[in-house]
Amino acid sequence: MTHRMVWVNGAFGSGKTTLVGELSRRWPEALVYDPESTGYLLREIVPVTGGNFQHLPLWRRQVVSLALGLFEEYDRPVLSAQTLVDAAYAREIFGALRTAGVDVLHVCLRVPPAELGRRIDGRTVVPGDPVRDAEIRRWCREQNVRWTAAADELRAEGVHLDAGRPVAELADEVLALATGGATS
C-alpha cells in the first residue's frame, strides 16, 4: 500500500498551519504531525547551535522515522506544516520518505514579502514577554529572507500555490492533488 503525506511548506506567516487545519477538517482520516514538536523535544535534550534544530541531522532522521511510524501503526494519510528553507534538507527528508514508499506531496505556499511582514508583525507568539516575542518575529523575518532566496530551488521539490487565495480554494486544490478527489 502506498502511504500519502502532504507537507505544506512556506515562509513564516504564509498560512501553512491554517491550510493544514482546513485539510484536516475536510480529510478527517488524515493525521496531523507537526515536525516542529520533534525539534522542540530535541532542543530540550541537546544544544541547538543558532537556534535552528533543522540543522541537526538527528531532527531530519527523527522526522522521517516518526512519519514512517505513523504510517506503519495507523495506515492513514499524514499532514504536516513546516517551513523547510534548505532544499538539501527537503530532498533528504522527502527522499527518505519516498524510498520507504511514501507518496509525498510537497506544497509550497507563496506570499508577497510585504504581506508576510504584515502577518508576522501582527502576531503575538510569547504573550507577556515582549522582548522574546520581538526576537522570534526578527528570527522569522530572517528565515523569510532565506525562504525567498531558496524558493526557486524548492520549486523543483514541490507544487507552488499562491497563498493570497482563500484557504478554501487552496484546500480544494491540495486535496485534488493529494487524493484525486477521493476523500471521505
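The values are calculated or read from the model by the stated rules, or taken from the named source; none is laboratory data. Quick caveat: nothing in here was measured; it's all calculated off a predicted structure. Surface accessibility is based on the protein's heavy atoms, side chains included, excluding ligands, DNA and RNA. Shrake-Rupley method; radii C 1.70, N 1.55, O 1.52, S 1.80 Å.
Calculate for the chain the 222 nm mean residue ellipticity that helices alone would give, adding -39,500 (n - 2.57) per DSSP H run of length 4 or more and normalising by residue count, nearest 500 deg cm²/dmol.
Numbers: 7 runs with 101 residues, N = 184.
Calculated from helices alone, the mean residue ellipticity at 222 nm is -18000 deg cm²/dmol.
Take the chain, connect every pair of alpha-carbon atoms lying under 10 Å apart with a spring to form a Gaussian network, then pick out the residue of A30, A88, A151 with the largest mean-square fluctuation.
A88
Roughly speaking, to the nearest percent, how much of region 30-148's 1.4 Å accessible area is carbon and sulfur?
Values: 3480 of 6220 Å².
The computed percentage sits at 56.
How much length, in nm to one decimal, is gained on full extension between E115 and E44, taken as 0.36 nm per residue of separation minus their Cα-Cα distance?
In short, 22.3 nm is gained.
Which label marks the calculated value of Kirkwood radius over Cα pairs in Å, given the options (1) 18.6; (2) 16.6; (3) 17.0?
Read-out from the structure maps to (3).
On alpha carbon coordinates alone, what is the Rg over Rh value for region 68-157, Rh being the Kirkwood radius?
Dividing the radius of gyration by the Kirkwood radius yields 1.06.
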